[in-house]
Amino acid sequence: MNRLLLNKIILLLSITSAVIGIGFLFWILITLAYKGIDSIHVTTFTNDLVNGGIRNLLVGQFTMALLATLIAVPLGMMAGIYLREYSGGGKLARVLRNLNDVMMSAPSIVIGVFVYAFMVAPFNTYNGWAGSAALAIMMIPIIVSTTDNMLSLVPQELREAGIALGGSKHKIIIQIVLRSAKIGITTGVLLSFARIIGETAPLLFTSANNQFFTMDMNEQFPSLTVSIYNLATYPDEQSRELAWAASFILTVIVLAINLLGRYATRSKKGK
Amino acid sequence: MEQNNMAMKVENLTFTYPGAAAVSLKSVTLPIERNKITALIGPSGCGKSTLLRCMNRIHDVYSGNKYEGKITLYTRSGEKQNVLELKKENELIALRQTVGMIFQKPTPFPMSIFDNVAYGLKLSGIKNKTELQGRVEKALKGAAIWEETKDRLNDSAMGLSGGQQQRLCIARAVALKPEVLLFDEPTSALDPISTGAIEELIAELKSEISVAIVTHNMQQASRLSDYTAFMYLGELIEFDKTETIFLNPANKMTEDYVTGRFG
C-alpha cells in the first residue's frame, strides 16, 4: 500500500510542476496577445519607428540576423565537419568540443561587449555590421554543435559503403554523409535562427537602434528588440503600447520559425 | 599455372588494430579461387570480418592499423599486385573498384534508386548519360531487382524493403564490374525469403565474380560455398572444400564447431 501511495504522491508532484511550468508559458502568451493585439494597426507595419510603426525595425532585425546566418552557417558547418569527420576524436577534438560548449553558454551581453571593443569603439559609431557580427558569434557554436551531433547520427557503415565503392573521403562526406544529415542540420539552422532573432543584449551597444529606415550597415541600425527595450521605458502611453505590439509580433515570429523547424523534422521522419 | 585460377591470395597476414595490445589476425593464409565462393565461418570475434576488411583495405578508413604479410590480387588481365603495399588514395580507390564489398546492414545512400547504382560509376569517371543508363539497368538486372524497380528508378532508395535494399547494394557493387566481391554477413539482418533471394543471387554472380563471404549461418556456408575456411581466435584453423569441412574435417575443433558443439 505504501508503494501505491508513494506512486500517487510522485505523480501528483510531477503533474503540479508541469502545470506550473506550462502555466507561466501561457500566462506570458496570453498577456502578450491581450496587450499586443489591441495595439497592432495597419500603420504598425507600414510606418517606421519615427512615425509610430515597426517596419524599419523588422527589416533591420531580419537583415542583421540573415547576415549573421550567412556568416555562421558555413563557418559552423565546416568546423562541425572537421570535428566529426577529420579530427579522429583525439585530444584536440575534445578540447574544441568543450570550448564550443563554453561558447554556447557564454552570456550574450559579454559577446556584445567584445564586439563593441573591436567593431564599435575604434570607429566611434554604432553600426549594423557589429550587430551582425555579435549575432554570428552567438550562432556559430550552436551550428558547430548541431552539425557535429547530426553527423554522429549518420551510421558509420554508410561512410564505409561509399569508400568501398571507390569514393574519396571528401566526396563521401559532401555527397553522402551531409546529405543524410541534411534535415537535422537544416532544423538546427532554423532553431538557431529563431534563437538569435530575439536577442537584445548583443545588439544593445553594437547596432544600437535607428528610428529611420536604413539599409546602410555603416550607421546605427534599426533593431526590433532594442526598440522594445527602449519603448518600454518611455513614459508615454503610445510608446508602451507599441512595445507590447512589437513584443507580440516578435513572439509570433520566433514561435513560427520554431514550429517550422520542428515540422520539417517530423514530416521527414514519417516517411 | 596455379595462379590462373586464383583471384586473391592471403599469405601470413598478421593484423593489429590501432592501440590494441594483441594481434587480431595471426599469420593467416587463405586462397580465394577465381569464380568460386569461399565462406569464412567461426565464432564471433574470431577475425572473419577483420580478414575480409583487409582485402579491400577498408580498415584504412581509420588510421593506425598494422598489416604484416602479403595479400596478392591476381587481375584478369594477368597482373598481380600486393594489396598491402598500396599507399596513395587513388591506388586504394582502384583496389576498391576491383574488390567490392557488401555490408551486414543494407547501406542505401539517401538518393534515388538510379543514383545509388550510378554513384559508383560516376565516381569511376563515367559521365555519358546513355552509358550510365545502360550500366545501371544491366546491374539492376544482374542483381535480380530490375523487375521490382524499373518503374520507380527515381524514387528514394530508402523506400525499399531491407532485402531489396541489400540487392540494390549488390547491384551498386556489381555495376563497377569488380573481380572480387566481399560479403560481410550480407543476410544476417534479413528475413528468410530475402535471404534466399540474396543467396540465389550470389550463386549466380560467381560465373563472373569471385566471392568471399563471412557468415554465421552454417547452413548458408554449406549451401552456398565451394570452399570453407574455419577461423578461431584470429587463426585460420582449417581450409578445405566445403564438403570436406562439413562432412570430414581434419581438425577436431572444426568438427566441434560445424556440428554445433561449441561456438
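General remarks:
- Here the average projected area of the convex hull drawn through the C-alpha atoms of the range A:112-207 stands at 7.3 nm².
- Highest-first arrangement of B:90-101, A:193-204, A:7-18, where packing means the average Cβ count within 10 Å: A:193-204, B:90-101, A:7-18
- Largest mean-square fluctuation among B:GLN220, B:GLN165, B:GLN133, in a Gaussian network model of chain B whose springs join Cα atoms under 10 Å apart, belongs to B:GLN133.
- Candidates B:PHE230, A:ALA79, A:GLN175 compared by Cα position along the dipole of the protein assembly as shown: farthest toward the positive end lies B:PHE230, with charges placed on Cβ.
- Sparsely packed trypsin sites (Lys or Arg not before Pro) within the range B:98-179, loop by DSSP, other Cβ within 10 Å at most 10: B:LYS127
- Amide H partners (placed H, <5 Å) of B:PHE183, local residues excluded: B:ILE102, B:ALA212, B:ILE213, B:VAL214
- Values of log10 I(q)/I(0), in the order q = 0.23 Å⁻¹, for the range B:108-208 under a Debye, Cα-only, solvent-free model: -1.30
- Summarised in one figure, the compactness ratio Rg/Rh of chain B, Cα atoms and Kirkwood Rh, is 0.97.
- Among A:GLY167, A:GLY36, A:GLY184, residue whose mean-square fluctuation peaks in a GNM of chain A (springs only between Cα atoms under 10 Å): A:GLY167
- Most mobile of A:ILE173, A:ILE71, A:ILE111 in a GNM of chain A (Cα contacts under 10 Å): A:ILE173
- Charge-dipole axis of the protein assembly as shown as Lys and Arg at +1 and Asp and Glu at -1 on Cβ define it, positive-most pick from B:THR29, B:ILE202, B:ASN56: B:THR29
- When the convex hull of its Cα atoms is projected in every direction, mean area for the range B:1-130 (nm²): 10.2 nm²
- Note on B:LYS177: aspartates and glutamates with a C-alpha under 16 Å away, same-chain residues under 8 apart excluded, are B:GLU131, B:GLU137, B:GLU204, B:GLU208.
- Using the Cβ-Cβ distance between A:SER239 and A:ASN124 with R0 = 30 Å, the FRET efficiency computed as 1/(1 + (r/R0)^6) comes to roughly 0.60.
- FRET E, pair A:PHE45, A:LYS171, Förster distance 41 Å, beta-carbon r, rounded to 0.05: 0.30
- A simple spin-label model places the labels of A:PHE212 and B:GLN81 7.0 nm from each other, with each point 7 Å out along Cα-to-Cβ.
- Each of A:ASN258, A:PHE212, A:PRO235 was scored by the projection of its Cα onto the charge dipole of the range A:190-271, and the greatest displacement toward the positive side belongs to A:ASN258; charges sit on the C-beta of Lys, Arg, Asp and Glu.
- When all alpha carbon pairs of chain A are counted in 10 Å bins from zero, the resulting P(r) reads 7, 22, 27, 22, 14, 6, 1, 0 %.
- Net +/- balance of residues flanking A:SER168 in space, Cβ distance below 13 Å, scoring K and R +1, D and E -1: +2
- Using the Cβ of B:LEU201 as centre and a radius below 14 Å, the other residues enclosed give a net charge of -1, where K and R count +1 and D and E count -1.
- Residue-by-residue Karplus 3J(HN,Hα) for the range B:87-101, coefficients 6.51, -1.76, 1.60, Hz, glycine and proline x: 10, 6, 4, 5, 5, 5, 4, 4, 4, 6, 6, 8, 10, x, 9
- Other protein chain C-beta atoms within 10 Å of residue C-beta, averaged over B:103-109: 5.
- Each of B:ASN35 and B:SER188 was given a label point 7 Å from its Cα along the Cα-to-Cβ line. The distance between the two points is 3.1 nm.
- With a 10 Å cut-off around each Cβ of A:165-176, the average count of Cβ atoms from other chains is 6.
- About the Cα centre, charge dipole magnitude for the range B:2-258 (Lys/Arg +1, Asp/Glu -1 at Cβ), debye: 740 debye
- Note that the range B:105-116 has calculated 3J(HN,Hα) couplings of 8, x, 10, x, 7, x, 8, 6, 4, 4, 5, 4 Hz, one per residue in order, obtained from phi through the Karplus relation 6.51 cos²θ - 1.76 cosθ + 1.60 (θ = phi - 60°); glycine and proline are x.
- Residue range of chain B that is longest and free of chymotrypsin sites (Phe, Trp or Tyr not before Pro) which are both DSSP loop and sparsely packed (at most 16 other C-beta within 10 Å): B:63-261
- Long-range HN-HN contacts of B:LEU25 with modeled amide H, under 5 Å: B:PHE15
- Spin-label pair B:GLU208/B:GLU148, simplified geometry with 7 Å Cα→Cβ offset, distance in nm: 1.9 nm
- Relative contact order, percent, the range A:138-271 [alpha-carbon distance under 8 Å, six or more residues apart]: 24 percent
- Residue-averaged beta-carbon neighbours from other chains (10 angstrom radius) around A:153-161: 5
- Average Cα contact separation per residue, chain B, under 8 Å, 6 or more apart, as relative contact order %: 27 percent
- A Förster radius of 30 Å, combined with the Cβ-Cβ distance separating A:TYR86 from A:LEU66, puts the computed FRET efficiency at roughly 0.55.
- Prolate/oblate/rounded call for the range A:1-91, Cα gyration tensor, a/c under 1.5 rounded: oblate
- Backbone geometry of the range A:110-116 corresponds, through the Karplus equation with coefficients 6.51, -1.76 and 1.60 at θ = phi - 60°, to 3J(HN,Hα) couplings of 5, 4, x, 4, 4, 5, 4 Hz, x marking Gly and Pro.
- Using only side-chain charges placed at the Cβ, +1 for Lys and Arg and -1 for Asp and Glu, the dipole size of chain A relative to its Cα centre rounds to 1480 debye.
- When DSSP beta bridges are restricted to pairs lying wholly in the protein assembly as shown, around 60% turn out antiparallel.
- Dividing the radius of gyration of the alpha carbons in the protein assembly as shown by their Kirkwood radius gives 1.13 for Rg/Rh.
FYI, it's all coordinate maths here, none of it is from the lab. Predicted, not measured: the structure shown is a model, and the values here were computed from it. We place every Cβ from the backbone using ideal geometry, glycine too, and count neighbours over all the protein chains shown.
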